[in-house]
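A short worksheet on the structure shown next.
Bear in mind these aren't lab numbers, they're just calculated from the coordinates by the rules spelled out. Bear in mind that the values here come from a model prediction, so they are computed numbers and not experimental data. Heads up, the Cβs are rebuilt from the backbone with ideal geometry, glycines too, and the neighbour counts pull from every protein chain shown.
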Amino acid sequence: MTYSYAYPHPAVTTDIVVFTVENQALKVLLIQRKEAPFAGQWALPGGFLAIDESIDACAARELEEETGVSGIYLEQLYTFGAPDRDPRERVLSVAYYALMPLDDVTLRAGSDATAAGWYDVDDLPRLAFDHGEIIAVARDRLTAKMDYSTVGLMFMPGEFTLSEVQSLYEIVSGQTRDKRNFRKWLLGLDILEETGGKKVEGAHRPAMLYRLKDKSDVVITR
């Protein structure tokens, strides 16, 4: 059976907001565009959806191709579709956000980018397209979700102390946490296990090291 379509079809892209924490600051991963439009400007990693792939697969593929980052937690954020958001044609972007620790990460700019790097979310360069808006929405979502889930643990390295987790939650959310209540909440979720090792933190006695039982599992706490 042959079908005829009376309406034009917009193109679809994915854009990925990858957050990390470095030097007590929340940072986002950007690439410098090699091609027009906006050649030379910084942007989020992302690109066009292939006709034979899923949206999730497109996001993972574009992230790896443009930055060398792979195998991290990705969550769909929002669809951005302002008519004039892309000067090339009518383009809808399905945005994702991702969280990752900075340890053992080697960035590699792909064929569509001249560079890739981490930028403080409070001190971003001029961005291409509507990527500033996408980052702002992703940051709001992340901050809100920190209050009702364990998504913040996706930032943590393989082993960590409870103090390090609390510090990270405070940096990302911008809110201080009561030490006793925070630890009671975190340990009560039964998602951590002791590694058997300890870490010296300043002048205090060595702190117990923990790891996630399942790093792929984000728990909704309320």
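So here's what we get for this one:
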{"read-out": "Distance between the range 1-31 and the range 97-142 - C-alpha centres, whole angstrom", "value": "12"}
{"read-out": "Normalised contact order of the range 79-222, rounded percent, pairs of Cα under 8 Å and 6 or more residues apart", "value": "21"}
{"read-out": "LEU189 versus ASP103: modelled label distance in nm, points set 7 Å from Cα along the beta carbon direction", "value": "1.8"}
{"read-out": "Among (i) 1.03; (ii) 0.93; (iii) 0.95, the entry derived from the coordinates for Rg/Rh (Cα atoms, Kirkwood Rh)", "value": "(i)"}
{"read-out": "Candidate aspartates and glutamates - alpha carbon under 18 Å from LYS184, same-chain residues fewer than 8 apart omitted", "value": "ASP147, GLU164, GLU170, GLU193, GLU194"}
{"read-out": "DSSP beta bridges in the range 11-145 [antiparallel fraction, %, rounded to 5]", "value": "70"}
{"read-out": "Loop GluC sites (Glu not before Pro), the range 129-222 (other Cβ atoms within 10 Å of the site Cβ: 12 or fewer; DSSP)", "value": "GLU201"}
